[in-house]
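Before any comments, here is the structure.
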2 protein chains.
Amino acid sequence: MDAPGTLANVRIVLSRPSHPGNIGSAARAMKTMGFSDLRLVAPRSFPDAQADALASGALDLLQHARVFETLGEALGDAVLAVGFSSRGRDLSHPPRALREAAPLLVAAASAGPVALVFGNETFGLTNEELACCQWLAVIPANPAYASLNLAAAVQVACYEVATTAAAFTPPPEPERTPATVEEVEAFFAHLERAMVASGFLDPAMPKRLMERMRRLFARAGLEREEVRFLRGMLAAFEKPRR
Amino acid sequence: MDAPGTLANVRIVLSRPSHPGNIGSAARAMKTMGFSDLRLVAPRSFPDAQADALASGALDLLQHARVFETLGEALGDAVLAVGFSSRGRDLSHPPRALREAAPLLVAAASAGPVALVFGNETFGLTNEELACCQWLAVIPANPAYASLNLAAAVQVACYEVATTAAAFTPPPEPERTPATVEEVEAFFAHLERAMVASGFLDPAMPKRLMERMRRLFARAGLEREEVRFLRGMLAAFEKPRR
């Protein structure tokens, strides 16, 4: 999947945001997940110093943000508009949980522009705004307190879409050089010798001690370097005490 | 899965947070996803009016938050501590992407207390703090700007864990009464009659028009009420114009 192209096709639309700080925080949330197309419908105050402050390293998104008078204009040539709501609605579209909606949304974004639409902090999306959307997405939340902050909702939505699009691979595992079976077996032989010599393991009554040791170290998956220092430690233990 | 029990077993630990506002926002993020056990290690300022303001409806979490001097004390009797980092580390544990870590984490939380550990806003987790954790979790992010706000990271982590635990069912679909096949067929017959009468459909050259109509309405999945008003509309079209 062409993940960067897919993310570039996703617009985040904030309709009638009241608090400029939320615009800045939303821009930061978007950028951390690789989105850049921010659109504002009739913001109460924009540009605004508080938005700039909270955008942190995502000032460029604010500088390129486009302001529209109506949601219809902001959607532009989108082929799919998804409204976000914290609750289902009696009328309108059946709500889809974000996790179920994300794969469909990513598929749509690979074909054309898609808009994720977030309403006002206090009132959410109006019925008129929802009528401009084809889907209603819901972030499942605590029914006793489902009030995600606007930028937090944008963060979760962008995270889910970016993760579904596999946009960013997690950091690579640190370089590991696993020990060979031969090295591990030499370690176990050394360990057994040392345990016998110390009196901890009685060859006449082994109590499955070596079996337990093998199971433990198998779970850990020994590295070559670790075998080396474990054997160094055993050698130190084997030295006669003064 | 006993989701509420699982979430109750998850502690969110903020280590050395600098900005009290972030503590409040993190509490709000936690509560929206059903978490309540907030622990703070050496916060710069707590309690704090700014934390209260940003907690919004999650003031109770701040009131019950516990403050510790060291991370070890905050972890308490946790059986698993997961450190969050925006980057992999050379030493320490191999990082796991949050989505892959979540099922393991939920499984662990069904057995005993689990801690999700977040470091200072600027410096993240120190190596000493990471050494207290068994795993390192990473929220995959834009490599050009991976700087999630602290509360945003808490929101995403809590969302992922709650969703994986299926803690909250999405809102139920609005009540729908689908039309019966009989009703739908009667509608198609009506539609065909009206199209022929209007001259739009020429029975001698049908151009697969009815087939296309059937495909369209099959996708939509007609409800009984919709069939009723569609047929009402057809009846209105059929009336001779004045």
Using the Cα centre as the reference, give the magnitude of the dipole from point charges on the C-beta atoms of the stretch B:181-238 (Lys, Arg: +1; Asp, Glu: -1; all else neutral), rounded to the nearest 20 debye.
260
Calculated FRET value between A:Ala42 and B:Phe188, using beta carbons and R₀ = 56 Å, to 0.05:
0.80
Of B:Ala189, B:Ala53, B:Ala74, which is the most mobile in a GNM of chain B whose springs link Cα atoms less than 10 angstrom apart?
B:Ala189
Charge dipole (debye, nearest 20) of the protein assembly as shown; +1 at Cβ of Lys and Arg, -1 at Cβ of Asp and Glu
420
Distant-in-sequence amide H partners of B:Glu223 (H built 1.01 Å from N, under 5 Å)
B:Ala179
Within a 10 angstrom radius of each residue's Cβ in B:153-162, how many Cβ atoms of other chains show up on average? Whole number is fine.
5
Out of all DSSP beta bridges with both ends in chain B, state the antiparallel percent to the nearest 5.
10
Among the lysines, which fall within straight-line cross-link reach of B:Lys207, defined as a Cα-Cα distance under 21 Å, with same-chain neighbours fewer than 8 residues apart omitted?
none
Counted charge near A:Leu150, where neighbours are those whose Cβ lies closer than 14 Å (Asp, Glu -1; Lys, Arg +1)
+3
Under 19 Å from a point 7 Å along the Cα-to-Cβ line of B:Ser18: which residues of the stretch A:13-27 have their amide N that close?
A:25
Within the set A:Arg44, A:Arg219, A:Arg28, GNM on chain A using Cα springs under 10 Å gives the largest fluctuation to A:Arg219
Calculate how many DSSP beta bridges within the protein assembly as shown are antiparallel, expressed in % of all such bridges and rounded to the nearest 5.
10
Residues with amide H under 5 Å from that of B:Ala97, placed H, sequence gap 5 or more
B:Val138
Going residue by residue through the stretch B:9-15, the Karplus relation 6.51 cos²θ - 1.76 cosθ + 1.60 with θ = phi - 60° gives ³J(HN,Hα) values, rounded to whole Hz and with x marking Gly or Pro, of 8, 9, 9, 9, 10, 9, 9
With the crude spin-label approximation of a point 7 Å out along Cα→Cβ, what separation in nm comes out for A:Arg219 versus B:Glu69?
3.3
Using a label position 7 Å from Cα in the Cα→Cβ direction, what is the ascending list of nm distances from A:Ala235 to the same site in the other copies?
9.8
How big is the C-alpha Rg of the stretch A:3-164 next to the rule-of-thumb value 2.2 N^0.38 Å, as a ratio?
0.93
Ratio for the protein assembly as shown, C-alpha Rg to 2.2 N^0.38 Å, reads 1.26
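Where nothing but the Cβ of Lys and Arg (+1) and of Asp and Glu (-1) is charged, how large is the charge dipole of chain B around its Cα centre, in debye to the nearest 20? Please list the in-between numbers first.
On the way: 25 positive and 26 negative charges, 237 e Å.
Once rounded to the nearest 20, the dipole reads 1140 debye.
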Can you list, shortest first and in nm, the gaps between the label point of B:Thr169 and those of its counterparts in the other copies, using a point 7 Å from Cα in the C-beta direction?
4.0
Dipole-positive endmost among B:Pro206, B:Pro43, A:Gly76 within the protein assembly as shown (Cβ charges, Cα centre):
B:Pro206
So the angle from the long Cα axis of helix B:181-198 to the longest Cα principal axis of chain B, reported in degrees to the nearest 10, equals 50
Could you work out how far helix B:98-109 tilts from the main Cα principal axis of chain B, as a 0 to 90 degree angle to the nearest 10?
70
Considering only the label points, 7 Å along Cα→Cβ from Cα, what distances in nm to one decimal separate B:Ala53 from the same position in each other copy, shortest first?
0.9
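FYI, it's all coordinate maths here, none of it is from the lab. Computed from a prediction, not measured in an experiment: that's the story for all the values here. Heads up, the Cβs are rebuilt from the backbone with ideal geometry, glycines too, and the neighbour counts pull from every protein chain shown.
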